[in-house]
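I have placed the structure first, in the form of structure tokens, so that the comments after it can refer back to it.
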Amino acid sequence: MKKLSIALLATVLSGAAFGGLRISGAAFESGSEASSPQQPVHPTRAQLRARHESIARIATLTDQSDFAGARALLDLMVSNPTFDWDPIEARRLSGFVARREGNTALAEQELRQALHMLNGNPDAARQSPPLRSVILMDLAQLVAIDRGNAAEGIALYDRVHREESAAFPRDKWLAAKNAAMLSARLGRYAEGIQRIDSVLAAMPDNQVPVSEIISLRATQATWCAASGDLPGALQRALALWNEHQNRDDLSVLETGIRVAEWRPAIGELCQFRISTATEILDRINGLRAAPSQNPHAPTLAQLAELERQALVVIVNSRGCPQREAIAMARARLGLRPEP
């Protein structure tokens with residue numbers, strides 16, 4: 001059997017998605033920060049299985065709001081450690097239980113203490129190199145989301161992306177992406193756009209799903225528009241639409257609407273504006289008749305909203321000569337005919 005990585009075990013259930021925090025768990029008695037006894041560097045299969053089962057149980061108990069039960073299991077990680085980093089991992093896991101209980105201050109305290117413990121335990125840091133970045137990812141999200149400190153969140157994510165060479169590739173990717181999102185949240189749209197461009201350029205081919213790239217590119221276009229750079233927004237949206245317009249992704253259809261909307265309703269541009277919106281209406285009808293198997297395709301509710309937006313684009317083309325299309329759109333929106 002292929003040997004499992006100790007580092008991987010240390011981060012079981014540590015997803016790092018920007019809207020969720022990893023499993024975390026209990027407050028500890030004083031003295032729990034002492035170094036654990038020397039443990040085998042290579043865990044047995046039974047030890048690995050027991051650890052997986054224990055952390056899965058902690059996750060289940062936390063989801064069930066049985067915080068006392070989760071803490072009891074975390075106490076066992078400290079009192080009966082299997083690995084040198086168990087007290088640190090338990091402290092990290094403690095942050096999530098506290099956060100789920102609504103105690104943000106305790107959750108942050110636990111995560112910062114886990115970092116402090118790791119800094120003071122060279123053996124644990126050496127045996128589980130990615131553990132520091134995992135803790136930083138948890139802390140960055142808590143600081144940015146729960147405390148609303150986007151600037152500090154960006155700084156923590158940057159540490160993972162730029163300084164933590166041992167970080168899991170997925171964590172480095174998410175750290176870079178999340179920092180970009182937080183930059184935009186602060187109104188620093190140009191910085192957010194540049195960060196996304198940089199991280200996509202640095203990723204090896206086929207390492208990022210097409211749907212993810214589409215979503216990020218579409219987001220960049222909206223950031224351009226939000227910053228007042230409508231020509232730049234249209235350029236990015238049009239490039240995305242031209243490349244992926246045959247895909248059923250929600251982000252592609254949303255981008256198509258933006259392409260139509262951002263084209264002025266004047267002169268020769270009218271035809272492009274209305275024909276693009278009409279094409280999207282046709283796509284919506286097709287998806288209703290034959291639902292897409294693409295997991296990123298719009299839901300029925302999203303199709304209804306896309307339809308409304310496309311019709312609004314046509315209605316708002318009053319300076320265009322395509323009166324029949326405009327009349328159709330007004331009727332479908334329940335508006336009175338134009339005089």
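The values are calculated or read from the model by the stated rules, or taken from the named source; none is laboratory data. Source: prediction; values computed, not measured. Neighbour counts are summed over all protein chains in view; Cβ atoms, including those assigned to glycine, are modelled from backbone coordinates with ideal geometry. Keep in mind that these areas ignore ligands, DNA and RNA; they rest on the heavy atoms of the full protein, side chains included. Shrake-Rupley method; radii C 1.70, N 1.55, O 1.52, S 1.80 Å.
Hull volume per residue, based on the alpha-carbon atoms of the stretch 148-297 and their convex hull, is 125 Å³. For the chain, the equivalent ellipsoid built from the Cα gyration tensor has semi-axes of 50, 20, 18 Å, listed from largest to smallest.
Around the amide H of residue 294, modelled in the peptide plane, lies no amide H under 5 Å away from a residue 5 or more places distant or on another chain.
Note on the chain: with neighbouring protein chains present and a 1.4 Å probe, carbon and sulfur make up 53 percent of its accessible heavy-atom surface.
Here the contact order of the stretch 232-316, divided by its residue count and restricted to Cα pairs under 8 Å and six or more residues apart, works out to 32 percent. When you restrict to C-alpha pairs under 8 Å that are six or more residues apart and normalise by the size of the stretch 281-337, the relative contact order lands at 27 percent.
On alpha-carbon atoms, Rg over Rh for the stretch 186-234 using Kirkwood Rh?
Reported Rg/Rh, Kirkwood definition of Rh: 1.01.
Here is the short version for the chain: 224 have no other Cys C-beta closer than 4.7 Å. Per residue, the solvent-accessible area of the stretch 265-339 (1.4 Å probe, heavy atoms of protein chains only, all protein chains present) comes to 59 Å².
The order of 306, 250 by accessible area, most exposed first and with a 1.4 Å probe, is 250, 306.
Entry comment: accessible area of the stretch 75-147 is 33 Å² per residue, from protein heavy atoms only and a probe of 1.4 Å. Where does the stretch 144-228 land on the Kirkwood hydrodynamic radius, alpha-carbon pairs, in angstrom? Averaging 1/r across every pair of different Cα atoms and inverting gives 13.2 Å. Measuring nothing but how far apart in sequence close Cα pairs (under 8 Å, 6+ apart) lie, relative to its length, the chain scores a relative contact order of 11 percent.
Over the chain, dividing the summed -39,500 (n - 2.57) contributions of all DSSP H runs of at least 4 residues by the number of residues returns a 222 nm mean residue ellipticity of -20500 deg cm²/dmol.
Using the Kirkwood radius over C-alpha pairs as Rh, can you work out the diffusion coefficient of the stretch 93-188 via Stokes-Einstein at 20 °C, viscosity 1.002 mPa s, in µm² per second? Numbers along the way, then the final one.
Details: Rh = 13.5 Å.
Estimated via Stokes-Einstein, D reaches 158 µm²/s.
At q = 0.11, 0.22 Å⁻¹ the log10 of I(q)/I(0) for the stretch 210-328 amounts to -0.34, -1.26, computed by Debye summation with a single uniform scatterer per C-alpha, solvent ignored.
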